[in-house]
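First comes the structure, then the notes that go with it.
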Amino acid sequence: MSVYTAEVVWTRGDADFAAGRYSRRHLLRFDGGVEVPGSSSPHVVPLPWSDASAVDPEEAFVASLSSCHMLWFLSLAGKRKFCIDSYTDRASGVMTKNAEGKLAMTVVTLRPEVVFYGAKLPTRAEIVALHHEAHEECFIANSVKTEVRCEPVIAAAHG
């Protein structure tokens, strides 16, 4: 068993909390010392009570799925002796009402584009299989009800 922690810190300041006129900006602290500004999404709480420049929970959710998938993909590709030059994913999430009528992140679509290099290059089928296996192993994808789709962009590889 492993335990992971994050610290979320928010203070009211002099805002009128009872009237809902307070900033949703907060700080996300992680065990390695990284601090990330957080806020509600401007799609949920209008400006100026949210901060569009900060990371909102919905973005963090999409990013965590994308990051977990990528880390598994890199590990699996390395074990098969494929070399990777770069990995970019322009992931997106759709929030809408679920079957119970609650707002939820119902679909997250990963769009990874991987550039391979070297003498041993994977076939299109091997790339698709690596993404499928990465999805099956992803801790975060295994932890959520959200449908997670992977639509890899198969790019030319460098030989």
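Just so you know, all these numbers are worked out from the coordinates, no wet-lab data involved. Predicted model, so just to flag it, every value in this text is computed and none were measured. FYI the Cβ positions are ideal-geometry reconstructions off the backbone, even for glycines, and counts take in every protein chain you see.
Let me confirm the definition first: pairs of Lys residues in the chain, 8 or more apart or on different chains, C-alpha distance under 28 Å. How many are there? Could you put the intermediate results ahead of the total?
Numbers: Lys79/Lys120; Lys81/Lys120; Lys97/Lys145; Lys102/Lys145.
Close lysine pairs found across the chain: 4.
If I model a spin label as a point 7 Å beyond the Cα along the Cα-Cβ vector, how far apart are those points for Arg124 and Ser53 in nm?
4.5 nm
Provide the FRET efficiency to the nearest 0.05 for the Ser2-Lys81 pair, computing r from the beta carbons and using R0 = 41 Å. Could you put the intermediate results ahead of the total?
Values: r = 28 Å, r/R0 = 0.69.
Given R0 = 41 Å and the Cβ-Cβ separation, E is 0.90.
Quick check on the chain: of the DSSP beta bridges with both residues there, what percent are antiparallel, nearest 5%? Could the numbers behind the result be given before it?
Working: 21 of 29 bridges.
Counting DSSP beta bridges with both partners in the chain, the antiparallel share is about 70 percent.
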